[in-house]
Amino acid sequence: MSLLNKLGMGHGARDVARPAPERLSNTGSRSTQVPPTAVGSTRVPEPQGTTNRVSNGLKEFLWNLDGLGRGTLLDLGAAWQTTLSFFIERGFRVTSEDLLRAWKDFLVKEEGEIRQATRTPDSLDVTPAGRADRFLRSNLEYPVASFDAVLLWDLLDYLEPAMATKTVLALTELLRPGGVLLAMFHSKKPEGFQRYRVADSSTLQMISAPVLCPAQRVYQNREIQDLFGRYRTMKSFVARDQLRETLFIK
Amino acid sequence: MWKKEESKNQSVPEVAQASGTPANSPAPAASFRDLPAAPAPSRGAATISQGIRIKGEITGSEDLFIDGLVEGRLNLANGSVTVGPNGTVKADVSAREVIIRGKVDGKVAGRDRVQLWGTAQVHGEVQTDRLAIEDGAILRGKVEAGKPVERSAAERSATVGPNGKTGNVSVGPGTVTI
């Protein structure tokens, strides 16, 4: 079984292959197959499959950044105009890196290379930890303590556990002492996939998007604490939709 | 800072200023609100028309409109680069302003502003002070937007949270149900 199949991303996996992004129709409406990196806030109505969510986690996140002045933010979701605008207007330098898409692209590329036998399996560490190491060697490349805040969204649910652990470690290095990180965790395996963007200081917009990687794991509170053991503060907000928003302060 | 801003309508971004942003004030985010319906070659701009293919390095200080194919390197330090809907650029692009309606494969650096129109397809890193991205644009790569932040070493090594407010945050794991 191929690596992608093991991760639920092979042929037959639901809606994994990214289709050519659908363009706006003449009527201005669009399907739920919103290109994940497509962004914007003007000209067209909100994409279908967009829901607003009052976010106490975001409020707390912003409250902790209050008074920081000009800061640096790392957004690990897709680049959305509204999110960029929100933070840039407040003086932030925003770095946006679509980590999950990069992970998916990495897995697809690696799978292709293995199939073509350009790299012998003997020379390649095919364990999840080895994969994660190879991925992180070319991603999340920033100076230590270069960010005041990180928006991790719910990415950890979609990464292999080994990859999730190493990602958190890498982010901990990138976050300066006192920096804040906002993550989300599903209480049960999500069926679909959503992107998040900041609508205002207390509202997130959740946008349905094609599944990039199926959810890999549901984290319990104890596992989350272990994962973020190097952070001195953790505060969770559980909403009615059972999506936990958790704020970590390094 | 945040609480003051809450009174604003966040869904309506401020209009991007053309110039004159004070160094210490946040750079307003760019927006498509005030843009013309579609960028066209500005008067006096050099044009690489559809069907023209150029390989190599392009430098200068004038504006450039590309509707053809360019491979190599583009550096118009004080100029504006517009990639038209038929344009394809396989190069690192560096200019004062970069407007993209076509395809770009490479690093895009716009000193003042980068605009990605709905038809834009960018594979590569984008660096700019102000970034406007229209619905439908495809962006695959890292984005760095906003004024560069310079902070003193003392601030960086601070171990308390920003603004010293962490004392109000619960210590240790806690759960609040709403």
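The values are calculated or read from the model by the stated rules, or taken from the named source; none is laboratory data. These numbers were taken from a predicted model, which means no experiment stands behind them. Glycine also receives a Cβ, built like all others from the backbone with ideal geometry; neighbour counts cover every protein chain displayed. Note: accessible area is taken over every heavy atom of the protein model, side chains too, but ligands, DNA and RNA are not part of it. Shrake-Rupley method; radii C 1.70, N 1.55, O 1.52, S 1.80 Å.
What are the ³J(HN,Hα) couplings of the range A:160-174, residue after residue, when phi is run through the Karplus curve with 6.51, -1.76, 1.60 and θ = phi - 60°? Round to Hz, x for glycine and proline.
Values per residue, Gly and Pro as x: 4, x, 5, 5, 4, 4, 5, 5, 4, 4, 5, 5, 4, 5, 6 Hz.
Give me the residues in the range A:92-106 whose solvent-accessible area, probe 1.4 Å, is reduced by at least 50 Å² once all protein chains are included instead of the chain isolated.
Those are A:Arg93, which lose 50 Å² or more relative to the chain on its own.
Leaving ligands, DNA and RNA out of it, rank A:His186, B:His123 by accessible area with a 1.4 Å probe, largest first.
So the residues, ranked largest to smallest area, are B:His123, A:His186.
With 10 Å bins from zero, work out the P(r) of the range B:42-145 over every alpha carbon pair and list the percent per bin.
Calculated over all Cα pairs of the range B:42-145, the distribution is 18, 58, 23, 1 percent.
With a 1.4 Å probe and all protein chains kept in place, how much accessible area does A:Trp80 have, in Å² rounded to the nearest 10?
Number for this one is 0 Å².
How many nm is it between the label spots at B:Ala46 and A:Asn52, if each spot is 7 Å from the Cα in line with the beta carbon?
Here the answer is 4.9 nm between the modelled labels.
With +1 assigned to the C-beta of every Lys and Arg and -1 to the C-beta of every Asp and Glu, and no other charges, what is the dipole magnitude of the range A:108-191 about the Cα centre in debye, to the nearest 20?
20
Straight distance only, please: which aspartates and glutamates reach the Cα of A:Lys189 with their own Cα at less than 18 Å, same-chain residues fewer than 8 apart left out?
A:Asp15, A:Asp154, A:Asp157, A:Glu160, A:Glu223, A:Asp241, A:Glu245
In whole Hz and in residue order, list the ³J(HN,Hα) couplings for the range A:233-250 that follow from phi through the Karplus curve 6.51 cos²θ - 1.76 cosθ + 1.60, θ = phi - 60°; x for Gly and Pro.
Karplus-based 3J(HN,Hα) across the range A:233-250 equals 9, 9, 9, 10, 10, 10, 9, 5, 7, 6, 9, 8, 9, 10, 9, 10, 10, 7 Hz.
For chains B and A, what's the summed buried accessible area, probe 1.4 Å, to the nearest 100 square angstrom?
Looking at B and A, the buried total is near 5900 Å².
Amide H to amide H under 5 Å from B:Ile58: which residues, 5+ apart in sequence or cross-chain, H placed 1.01 Å off N in plane?
B:Arg73, B:Leu74, B:Asn75
Any idea of the accessible area per residue across the range B:42-145, 1.4 Å probe, to the nearest Å²?
Each residue of the range B:42-145 exposes 39 Å² on average to a 1.4 Å probe.
Can you tell me the length gained on complete extension of the stretch A:Gln225 to A:Ala162, counting 0.36 nm per residue apart and subtracting the Cα distance?
21.1 nm
Across the range B:49-61, in residue order, what do the Karplus-derived ³J(HN,Hα) couplings come to in whole Hz, using 6.51 cos²θ - 1.76 cosθ + 1.60 with θ = phi - 60° and x for Gly and Pro?
Couplings: 6, 4, x, 8, 10, 10, 10, x, 9, 10, 10, x, 10 Hz.
Determine the alpha carbon to alpha carbon distance for each of A:Lys235/B:Lys107; A:Lys188/B:Lys103; A:Lys109/B:Lys142 and list only those over 28 Å.
Violating the 28 Å Cα-Cα cut-off are A:Lys235/B:Lys107; A:Lys188/B:Lys103.
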